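See structure below.
The values are calculated or read from the model by the stated rules, or taken from the named source; none is laboratory data. Keep in mind that this is a model prediction, so the values were computed, not measured. Cβ: placed from backbone, ideal geometry, glycine included. Neighbour counts: every protein chain shown. Just so you know, the surface numbers come from the protein's heavy atoms only, side chains and all, with ligands and any DNA or RNA stripped out. Shrake-Rupley method; radii C 1.70, N 1.55, O 1.52, S 1.80 Å.
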Amino acid sequence: MIRQLALFLAAFIAFTPASAQTAPVPPPADVKVALETGSGRIVVAVHLAQAPVTAANFLRYVDQKRLDGTSFYRGVGTGDYGFVQGGAQNDPKRILPPIKHEPTSQTGLTHDDGALSMARYAPGSATGDFFIVLGKMPGMDAHPEAPGDNQGFAVFAHVVEGLDAVKTILAAPKSPTAGEGVMKGQMLEEPVKILTARRIP
């Protein structure tokens, strides 16, 4: 009897369409995160499906509240074109280990208006600092055909609400003396606090 039942089940499975046997697993949905800042609320959609390593890293910082009390401290550009940078600022009490670099040539994401991307030195050195782009900056994308460090920066999210707050941060006064190297003159005189960073429905 048991043998007959086993044969029946085997035959049933054999003639069941594959689609019915195993339902396809949908890609992870975007995760929304609200950054409450001194210049207003910024809501971002974090792209787990396209940039799983970089997106998961950002969400770890959010979930562990490592971004609470940090700030946007750098602004490059004017008006509607440029970027603002914020995050852990290499604070040893806040940063997690560096992550593997996910170039835009792999993820299909680009540095377009509202994109969030990881700040880094060499590829694979990104930790807890990120920047938000205003306008389109294709030069920040990966360009495998170019010589030297051609890996660009890793886009992992986009602003879906609060671009005006980003523009306000970009327009804030810069210190003429703060910063080193290329960053001199790009540091905000008064960094804009990231009060909290939380997942939202």
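Rounded, prolate or oblate, given the Cα gyration tensor of segment 29-197, with a/c below 1.5 counting as rounded?
Taking the square roots of the gyration eigenvalues as a ≥ b ≥ c, segment 29-197 is rounded.
Across segment 29-197, how many lysine pairs, 8 or more apart or on two chains, come within less than 16 Å at their alpha-carbon atoms?
Lysine pairs meeting both conditions in segment 29-197 amount to 7.
Using only Cα atoms, find the angle between the long axis of helix 52-63 and the longest principal axis of the chain, and express it within 0 to 90 degrees, rounded to the nearest 10.
Approximately 70 degrees, to the nearest ten.
Relative contact order for segment 29-197: what percent, with Cα pairs under 8 Å and sequence separation of 6 or more?
Computed value for segment 29-197: 32 percent relative contact order.
Helix-only mean residue ellipticity at 222 nm, the chain, DSSP H runs n ≥ 4 weighted -39,500 (n - 2.57), per residue, nearest 500. What is it?
Calculated from helices alone, the mean residue ellipticity at 222 nm is -6000 deg cm²/dmol.
For a quick check: with amide H placed at 1.01 Å from N, whose amide H comes under 5 Å from K32's, ignoring anything fewer than 5 positions away on the same chain?
V46, I200
Quick one: Karplus J couplings for segment 83-91, per residue in order, coefficients 6.51, -1.76, 1.60, θ = phi - 60°, nearest Hz, x for Gly and Pro?
After applying 6.51 cos²θ - 1.76 cosθ + 1.60, I find 7, 10, 10, x, x, 5, 6, 6, 5 Hz.
How much length, in nm to one decimal, is gained on full extension between L163 and V182, taken as 0.36 nm per residue of separation minus their Cα-Cα distance?
4.3 nm
If you plug each phi of segment 173-179 into the Karplus form 6.51 cos²θ - 1.76 cosθ + 1.60 with θ = phi - 60°, what whole-Hz ³J(HN,Hα) values come out, in order, with x for Gly and Pro?
x, 9, 7, x, 10, 6, x
Please give the net charge around I132, taking every other residue with its beta carbon less than 14 angstrom from that of I132, where Lys and Arg add +1 and Asp and Glu add -1.
It works out to a net charge of -2.
Normalise the Debye intensity by I(0) for segment 147-201, one equal point scatterer per Cα, no solvent, then take log10 at q = 0.13, 0.20 Å⁻¹ and round to two decimals.
-0.55, -1.01
As a test question: what accessible area, to the nearest 10 Å², does S39 have when a 1.4 Å probe is rolled over all protein chains in place?
40
Tell me the angle of helix 2-15 to the major Cα principal axis of the chain, expressed in degrees between 0 and 90 and rounded to the nearest ten.
So the helix axis and the longest Cα principal axis differ by about 50 degrees.
Tally Lys/Arg at +1 and Asp/Glu at -1 over every other residue whose Cβ is under 12 Å from the Cβ of I200; what's the total?
So the surrounding residues net to +1.
Based on the mean of other beta carbon atoms within 10 Å per residue, what is the order of 184-190, 101-107, 24-30, most packed first?
Per-residue Cβ counts within 10 Å, averaged per peptide and sorted highest first, yield 101-107, 184-190, 24-30.
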